[in-house]
1. How many residues, within the range 86-115, are within 18 Å of residue 54 (Cβ to Cβ) and in a strand (DSSP E or B)?
2. From the list 110, 51, 83, which residue is under 21 Å from residue 196 (Cα atoms) and either at pLDDT below 95 or in contact with a strand residue (DSSP E or B) (Cβ under 6 Å, 6 or more places away or on another chain) (or both)?
3. Please indicate, with yes or no, whether at least one residue in the range 254-262 is touching a residue at least 40 places away in the same chain (Cβ under 8 Å) and in a helix (DSSP H, G or I).
4. Looking only at the range 51-85, count how many residues are closer than 14 Å to residue 122 by Cβ and assigned to a loop (DSSP other than H, G, I, E, B).
5. Tell me the residue from 169, 127 that is at pLDDT below 90 and surrounded by 15 or more Cβ atoms within 10 Å (Cβ to Cβ), please.
6. Out of the helices (runs of 4 or more DSSP H) lying entirely within the range 116-207, which hold 2 or more residues that are touching a strand residue (DSSP E or B) at 6+ places or on another chain (Cβ under 8 Å)?
7. Which of the following residues is at pLDDT below 95 and over 21 Å from the mean Cα position of the chain (by Cα): 180, 226, 260?
8. Here is a check on your reading of the model: is residue 173 at negative phi and without any contact (Cβ under 8 Å) to a residue 24 or more places away in the chain?
């Protein structure tokens, strides 16, 4: 009985010591991080967005990871993209807006950062572009193929059984009806207006001015700065420096950049892309 009591006491004391050690470690880590912040020590993480954007999953995972890190004080979003799917770009945009609640976020526009790429950049605290960056292309497009004549030549016919008048809208076996064109144009106009509203809000520009620029044309980085679409001209190093300054990091910040997993190849064009299961896709381009 006495042995059991001793074992219980030892267990309680041992458990208490373990808790005290853990508590001491937590306090030490908190003091260490607080001291780092006081000294202006911090890291800048670079997130690369390259090529056409048809899925947001990998980018959002990186944003979440760095948003949770207490060592990372700022993010630089390096954009080398002509745009992509509307929903994917909007999801990344929204996650960057959330990340700005805890981190400073700077966009670095590379050779091409247009349409959906520029949409994403608008979520950042600052947009930095090279003078020769191709950007802008503020617009939305939907591509629909009409293969009716080809099918007729090869003797291929389609029989469609549908639940509603517009269920097979965009079918390649027939042309669009006037009603279908009007319906799709309404969708495109709605998304286009969403794009314009984002620029008006985030860039603090007159809506009439933005609408006049939102006809799909492209701009150089230099032109974009003159128009108020870009904050400063500079390269990736300049963007990192600005991110560090915004995050109040003293001196040259430590930079984190994950290695690229693989390069985009011609075979990617032949593989099905990760996108939602819909017959029509409208894209920022």
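1. Final tally of qualifying residues: 3.
2. Values: 110 fails: under 21 Å from residue 196 (Cα atoms); 51 fails: under 21 Å from residue 196 (Cα atoms).
That would be 83, the only listed residue that is under 21 Å from residue 196 (Cα atoms) and either at pLDDT below 95 or in contact with a strand residue (DSSP E or B) (Cβ under 6 Å, 6 or more places away or on another chain) (or both).
3. Taking the range 254-262 and keeping what is touching a residue at least 40 places away in the same chain (Cβ under 8 Å), we get 254-258, 260.
Of the ones still in play, those that are also in a helix (DSSP H, G or I) are none.
No: zero hits.
4. The number of residues fulfilling the criteria is 1.
5. Numbers: 127 fails: at pLDDT below 90.
Just one listed residue meets the conditions, 169.
6. Numbers: elements: 116-121, 148-154, 178-203.
Passing ranges, in order: 116-121, 178-203.
7. Values: 226 fails: at pLDDT below 95; 260 fails: over 21 Å from the mean Cα position of the chain (by Cα).
Exactly one of 180, 226, 260 is at pLDDT below 95 and over 21 Å from the mean Cα position of the chain (by Cα), namely 180.
8. Numbers: at negative phi: yes; without any contact (Cβ under 8 Å) to a residue 24 or more places away in the chain: no.
For residue 173, the condition - at negative phi and without any contact (Cβ under 8 Å) to a residue 24 or more places away in the chain - is not met.
The values are calculated or read from the model by the stated rules, or taken from the named source; none is laboratory data. Since this is a predicted model, take the numbers as computed values, not measurements. Glycine also receives a Cβ, built like all others from the backbone with ideal geometry; neighbour counts cover every protein chain displayed.
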